[in-house]
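Take this structure, written in structure tokens, and hold onto it; I'll ask about it next.
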Amino acid sequence: MSNVERPEFQALTELERVLQHVKDELASWRRRALKAEAHRAEMGMDHDVVATRERIRELELENEQVNGRLQAARTRVDALLTRLKFLEEQVRLEEQAR
């Protein structure tokens, strides 16, 4: 069996892909936070309260959606880690059996 076909390597590849996605998502949120901070600094004290409240509602909804996506990503990472541990144990048992 080649290294590419082994389940533990497939699990590692999937884990790397998920972690890259999480990293990209965090980078995106960092860029948005920096942009929002710059925008807030530009607004100063003279800004529209109604528009601000509407924006807060939009951001709260978006935050809920992102939290859902992050929870799904955490669940996938946990499942992959569990699978990887199982596969590592199987490899260890196979090596001991030889």
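Just so you know, all these numbers are worked out from the coordinates, no wet-lab data involved. The structure presented is a predicted model; accordingly, all values stated were derived computationally and were not measured. Here Cβ is always computed from backbone atoms with ideal geometry, including for glycine, and neighbour counts include all displayed protein chains.
Quick check on my filter: what residues within the range 15-70 are closer than 30 Å to Lys85 by Cα and in contact with a helix residue (DSSP H, G or I) (Cβ under 9 Å, 6 or more places away or on another chain)?
Within the range 15-70, Leu15, Val18, Leu19, His21, Val22, Glu25, Val66, Arg69, Leu70 qualify.
Any residue in the range 60-76 that's in contact (Cβ under 8 Å) with a residue 24 or more places away in the chain: show its pairings with residues that are surrounded by 11 or more Cβ atoms within 10 Å (Cβ to Cβ) and of a type in the set (Val, Ile, Thr) at Cβ separation under 7 Å, as long as the two are six or more apart or on different chains.
Partner pairs satisfying both residue conditions: Ala73/Val18; Ala73/Val22; Arg76/Val18.
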